[in-house]
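Heads up: the structure comes next, in structure tokens.
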Amino acid sequence: MMKRYLRKFAFAERMGRSQNSLDDLVRAGLCMKPVKVQRMALWPEDEAIQLMAAFEAGMSIKEVKDLVIEIESNRAEAAAKLLEVA
């Protein structure tokens, strides 16, 4: 199954925030950095769902930051595995 990605405006809309507010969350460590594909900033949909669930569950700021670190770490590990195979 192919992984789905959200563009910035779609992710911000799903989060109920403006694009500038999404940028603020990324800078604060409360949202994952986007995956860059050429000039586009994209967020994997499964990661976006995890983050939205964390906010909806009322997780603390520290818990959300820890989740973001974990998600980005998992992303880096997956990329490293792909490079090993290639």
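The values are calculated or read from the model by the stated rules, or taken from the named source; none is laboratory data. No experiment lies behind these values; they were computed from the predicted model shown. Cβ coordinates were reconstructed from backbone atoms using ideal geometry, including for glycine residues, and neighbour counts include every protein chain displayed.
Which of the residues that make up segment 8-40 are more than 11 Å from the chain's Cα centre (by Cα) and either of a type in the set (Lys, Arg) or within 17 Å of residue 76 (Cα to Cα) (or both)? Scanning segment 8-40 gives 14, 17, 27, 36, 37, 39. Look at (1) modelled with pLDDT under 95; (2) surrounded by 14 or more Cβ atoms within 10 Å (Cβ to Cβ) and you find that residue 37 fails only one, number (2). Applying the criterion of being of a type in the set (Lys, Arg) and surrounded by 10 or more Cβ atoms within 10 Å (Cβ to Cβ) to the residues of segment 41-80, the residue that is nearest to the chain's Cα centre (by Cα) is 75.
Contact annotation: residue pairs with Cβ atoms under 9 Å, 6 or more positions apart or on different chains, pairing a residue in segment 74-86 that is within 27 Å of residue 51 (Cα to Cα) with a partner that is modelled with pLDDT of 85 or more and not aliphatic (A, V, I, L, M), are 74/47; 75/44; 75/47.
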